[in-house]
Structure formats: C-alpha cells, structure tokens
Amino acid sequence: RKACEEAAEAKGPDRSRCWKPGQSTWCSSCRHERPERAHHCSTCGVCILRMDHHCPWIGSCVGWRNHKHFLLLCWWSFWASLVFLLAMFHPSSASRRSTMNVAQFLDLSLVLLAATMCALVFLLLTGIIFFVALAGGIRNVSNVEDMYLGENPYRHDSWTRNLEELMGPLDLRWLIPVPCSSRPSDGTSFEVVRRRKTDASTGEGGQDSGYGRV
C-alpha cells in the first residue's frame, strides 16, 4: 500500500483513465487500492465496484451490486407507463361526459392531461435509459469505460455472455428483481478476453491489441 501511495504521489494529479485489465488502481480520494474497473464517486464519497454512473433517481451509484436491478427498474417502469397510457382509452373521457356536469368533466380532463403528460415523459425517459444501459451491458462496458479508447479487453463475442456478467445465467431471473444465482465474476476481478493481432499470411498471433486512454 505504501508503495502504491508513493507512486501515485510521485506521478502527481492524473485525470487520464484507460483500460487496465487485471490491475488494481490507487484512489487518491479514499487513499487505498481498489480492484480493476472500480471508480470513485465524488457524490457518494466511496469507490464503487464496476461503477457505471451515479443515479439521482435512486440516490446512489449504479454498479456491480445493483446494475441488474437498475435495468429492471427502467424496464418495468417503461411497461407500466405504456400500460397506463393504453388504459386511458377504455373508457374514454368522451364516454364519461354524459355522466358528469361541466365542472366535474373539466376537473377530470385536467387530471387526465397532467397524468398523460407525466406518463409520456416517464415512458420516454425510462425507455431511452433502458436501451442505453442494455447496449452497454451487451458490450460489457460501463458508462465510465465507454469513454476509453481502444479495444475493450472484457468484451466476449456472445452478447448473452456479456449480459451474464450483470444478470447471471440466462433464465427467468433476468426478468425479476432477485439476486443472481451466480455470476462469472465476483466484482473484483474479471475475465480478460485476449485478442491478438494475427498475421494473415502465417496465422501467428502478433502483439496484444492496445488499450486506449482518455
């Protein structure tokens, strides 16, 4: 630990981030080592395993322990908003007009208008956030890592294998907010998919693909 601290202080402030597969890093804020893919959240004041982003909706960070639950929150919120909007048509406000006076009808119309606008906004937000988060899960990359240049060393060829890092084995548990039965990683170390540049003529592996930085 002392060696890591001295090396970090000697290096000075460095805001660059890059792929560091299989390597622990030093957090200058927490003053301790952290596992690969972990990052410090300035809002929470702690390092988060496989941090994706800080979400003001849930008042916490989305990371290794709750990424699946965040995906399902957006998924089911999207469908709840859609069902609410579709249910507005039966019965319609026009069919209720005959059973109400003008004041009651206007009050109901204003409530329905406000509810419809809220549901539409919620539908769009949760839908967009879900598909963005799902795209990252399919590529096995977090929002933080999405800014890195170079090839993702953790990405598998199978999209289901990438999602299993967050969701566990492919089964019905993917659709319900319960703990995963098992996952390929423990959140502190991850399988590195070694991709080598291959010589087309000889078929021999060349140097490792470079890991970019920002």
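The values are calculated or read from the model by the stated rules, or taken from the named source; none is laboratory data. Predicted, not measured: the structure shown is a model, and the values here were computed from it. Neighbour counts are summed over all protein chains in view; Cβ atoms, including those assigned to glycine, are modelled from backbone coordinates with ideal geometry. For the accessible areas, the whole protein counts, side chains as well, though only heavy atoms, and no ligand, DNA or RNA atoms are used. Shrake-Rupley method; radii C 1.70, N 1.55, O 1.52, S 1.80 Å.
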Conditions: (1) at pLDDT below 75; (2) open to solvent by 40 Å² or more (accessible area, probe 1.4 Å). Ala80 meets all but one. Number of the miss?
(1)
The conditions are (1) at pLDDT 90 or above; (2) open to solvent by less than 40 Å² (accessible area, probe 1.4 Å), and Ser158 fails exactly one of them. Which is it?
(2)
Would the range 48-55 turn up any residue that is open to solvent by 60 Å² or more (accessible area, probe 1.4 Å) and either assigned to a loop (DSSP other than H, G, I, E, B) or modelled with pLDDT under 90 (or both)?
no
For Pro153, indicate whether it is more than 17 Å from the chain's Cα centre (by Cα), of a type outside the set (Lys, Arg) and surrounded by 14 or more Cβ atoms within 10 Å (Cβ to Cβ).
yes
Within the group Val178, Val132, which residue is open to solvent by 70 Å² or more (accessible area, probe 1.4 Å) and either under 25 Å from Cys61 (Cα atoms) or in a helix (DSSP H, G or I) (or both)?
Val132
When you look at Arg155, is it part of a loop (DSSP other than H, G, I, E, B), free of Cβ contacts under 8 Å to residues at least 60 places away in the same chain and within 17 Å of Val62 (Cβ to Cβ), yes or no?
no
Taking the conditions exactly as written (at pLDDT 90 or above, under 26 Å from Cys47 (Cβ atoms) and open to solvent by 20 Å² or more (accessible area, probe 1.4 Å)), does Arg139 satisfy them or not?
yes
Give me the residue from the range 56-65 that is touching a helix residue (DSSP H, G or I) at 6+ places or on another chain (Cβ under 9 Å) and open to solvent by 10 Å² or more (accessible area, probe 1.4 Å) and, out of that set, farthest from Cys30 (Cα to Cα).
Trp57
So the check is Cβ under 6 Å with 6+ separation or different chains; which pairs have a first residue in the range 119-140 that's of a type in the set (S, T, N, Q) and a second one that's open to solvent by 80 Å² or more (accessible area, probe 1.4 Å)?
Asn140/Arg155
